[in-house]
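Let me begin by presenting the structure, written as structure tokens, before commenting on it.
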Amino acid sequence: MDLLQELRSRLGLLQQNQLLRARRVVVGACRPQTAVLDGDGSRSMLAFCSNDYLGLAAHPAVVEALERGARQFGVGSGASHLISGHYLAHHRLEERLAALQSPHIPECRALFCASGYLANIAVLSSLADDETEIFSEELNHASLIDGIRLSGARRQVYPHADLAALAQRLRASNARRKMIVTDAVFSMDGDLAPLPRLLELAGQHGAWLMVDDAHGFGVLGERGRGSLAHWGLRSEHLVYVGTLGKALGVAGAFVAAHATVIEWLVQRARPYVFSTASPPALAVALEAALEISTGAQGESRRAALIERIAQLRAGLAVQPWRLLASTTPIQPIVIGDNAATMAVAGALQARGLWVAGIRPPTVPPGSARLRITLSAAHTPAQVDQLAAALNALAAQPPDR
């Protein structure tokens, strides 16, 4: 079969199964009230699908810092970090990030990467090999799964939060090196991994623990330091990945680990060694975002976010749909059927509310859901508007 014909056939199957995805073109800044292209014009939408948890993506101080960084460093880095692309702004940012995680990782050093996806692949493909056995959480993000595949390591997938199953598999392993790999906050369910017990198991079995804190950094823990701070963990056998394009509102990610681990990544992590460095202006903007996140304003924003989460959960009455148990900004409502989920998402859109409908393969078959994400920038009135619309649609679901 000709490739074009085969791809058309596959796209047709995706559409038939309500699995075809579409991009929307955002016209305005990343704010709760934004605008998207609609026909020949634009339409105002109230968004509950962004991961801008602290509302920093359009914060004036962060925008000004980006402008200042561009005036000082230009708009491109020109090369990889190991050639000529490692700027003072990158260096300062890494030092600040390492200081934030140093209470949790002895001799901590940080490495700034272009994205969370690249950071996870960099860590796993350079620290693990065919003499390594990786114990991967069932609900891990795709970037972790892909990094494990690229590493060539043996992989054991343990059921979600099933510590007994993980312990049994660790005991049975005779691998030279062992590594437990997990999300800290699960991106589609919003619940927390039991990191203290995972670190305890790692210690008992001579394993390392890699934590992807994409949805915890900036949100959880004292000063928003993330999940390690939330749980009060400390170990030199931790490898921590924090995302900078969600709660911090800009772009990129970082790896925090013992200095020896980071030096190995600098020397051997292919996604880092062979990628053009991120624009240094982004690092300047991230310093400004960190200043807000770790200060009094950040505490105020996290308090507002907690209030919005409690408000939404108290206001929802969406049976027979299932609101998952989550204390984080990720508030999933499982509907189940793909077509029914997208019909509800479409009905919300008609009301000017933008909520993502999530379907397989992102979530298991039969668990399609609305993935609501809340921000400190949402107002109480906006959250009430969403809850009222969802309650009405649950009582009288739209036609598929």
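The values are calculated or read from the model by the stated rules, or taken from the named source; none is laboratory data. Just so it is clear, the model here is predicted, and its values are computed rather than measured. With ideal geometry, Cβ positions are generated from the backbone for all residues, glycine too; neighbour counts draw on all protein chains shown.
Rundown of residues vs (1) under 24 Å from residue 205 (Cα atoms); (2) in contact with a His (Cβ under 6 Å, 6 or more places away or on another chain); (3) part of a strand (DSSP E or B), yes/no style:
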| position | (1), (2), (3) |
| --- | --- |
| 109 | no, no, yes |
| 112 | no, yes, yes |
| 126 | yes, no, no |
| 129 | yes, no, no |
| 135 | yes, no, yes |
| 140 | yes, no, no |
| 143 | no, no, no |
| 146 | no, no, no |
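Listed here are the residues, each with its yes/no results for (1) in a loop (DSSP other than H, G, I, E, B); (2) in contact with a Lys or Arg (Cβ under 7 Å, 6 or more places away or on another chain).
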residue	(1), (2)
286	no, no
300	no, no
303	no, no
312	no, no
319	yes, no
326	yes, no
334	no, yes
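Of all residues in region 201-226, those that are closer than 29 Å to residue 169 by Cα and assigned by TED's automatic domain parsing to the domain that holds residue 239 have Cβ atoms under 7 Å from Cβ atoms of residues that are of a type in the set (Gly, Ala, Ser) and surrounded by fewer than 20 Cβ atoms within 10 Å (Cβ to Cβ), 6 or more apart or on another chain, in 201/167.
Scanning region 293-333 for residues that are closer than 26 Å to residue 217 by Cβ, of a type in the set (A, V, I, L, M) and free of Cβ contacts under 8 Å to residues at least 60 places away in the same chain returns 296, 303, 306, 310, 323, 333.
Look at residue 292 and say whether it is surrounded by 15 or more Cβ atoms within 10 Å (Cβ to Cβ) and over 30 Å from residue 67 (Cβ atoms). So residue 292 fails the test.
Matching residues to (1) assigned by TED's automatic domain parsing to the domain that holds residue 82; (2) within 24 Å of residue 116 (Cβ to Cβ):
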site: 285; (1), (2): yes, yes
site: 324; (1), (2): no, yes
site: 334; (1), (2): no, no
site: 339; (1), (2): no, no
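Out of curiosity, is residue 251 touching a residue at least 60 places away in the same chain (Cβ under 8 Å) and over 14 Å from residue 56 (Cβ atoms)? No; evaluated as a whole, the condition is false for this residue. Under the condition of being over 28 Å from residue 213 (Cα atoms) and crowded, with 16+ Cβ neighbours inside 10 Å, the residues counted in region 26-71 number 4. Criterion applied to 102, 80 was being in contact with a Ser or Thr (Cβ under 8 Å, 6 or more places away or on another chain) and either more than 30 Å from residue 370 (Cβ to Cβ) or at pLDDT 95 or above (or both), and the one residue passing it is 80.
Residues in region 362-378 that are out of contact with any Pro (no Cβ under 7 Å at 6 or more places or on another chain) and either among the basic types (Lys, Arg) or exposed (fewer than 13 other Cβ atoms within 10 Å of the Cβ) (or both): 364, 365, 366.
For region 238-296, residues that are closer than 13 Å to residue 96 by Cβ and among the polar types (S, T, N, Q) total 2.
In region 344-361, what residues are out of contact with any Ser or Thr (no Cβ under 7 Å at 6 or more places or on another chain), more than 14 Å from residue 373 (Cβ to Cβ) and of a type outside the set (Lys, Arg)?
The answer is 344, 346, 347, 349, 350, 360, 361.
Please go through region 88-107 and pick out each residue that is in a loop (DSSP other than H, G, I, E, B) and crowded, with 24+ Cβ neighbours inside 10 Å. Lay out the reasoning, then the answer.
Taking region 88-107 and keeping what is in a loop (DSSP other than H, G, I, E, B), we get 102-107.
Once the filter is applied, which keeps residues that are in a loop (DSSP other than H, G, I, E, B) and crowded, with 24+ Cβ neighbours inside 10 Å, region 88-107 yields only 105.
For region 201-219, indicate whether the set of residues that are polar (S, T, N, Q), assigned to a loop (DSSP other than H, G, I, E, B) and out of contact with any strand residue (DSSP E or B) (no Cβ under 9 Å at 6 or more places or on another chain) is non-empty. Give the derivation first.
Within region 201-219, the subset polar (S, T, N, Q) is 204.
Add one more test, that the residue is assigned to a loop (DSSP other than H, G, I, E, B), and what stays is none.
Checking region 201-219: not a single residue is polar (S, T, N, Q), assigned to a loop (DSSP other than H, G, I, E, B) and out of contact with any strand residue (DSSP E or B) (no Cβ under 9 Å at 6 or more places or on another chain).
Scan the helices (runs of 4 or more DSSP H) fully inside region 222-283 and keep the ones with 1 or more residues being among the small types (Gly, Ala, Ser) and within 30 Å of residue 297 (Cβ to Cβ). Before the answer, list the steps.
On the way: elements: 227-231, 259-268, 270-273.
It comes to 227-231.
Residues that are closer than 28 Å to residue 18 by Cβ, in contact (Cβ under 8 Å) with a residue 60 or more places away in the chain and not assigned by TED's automatic domain parsing to the domain that holds residue 101 do occur in region 345-352.
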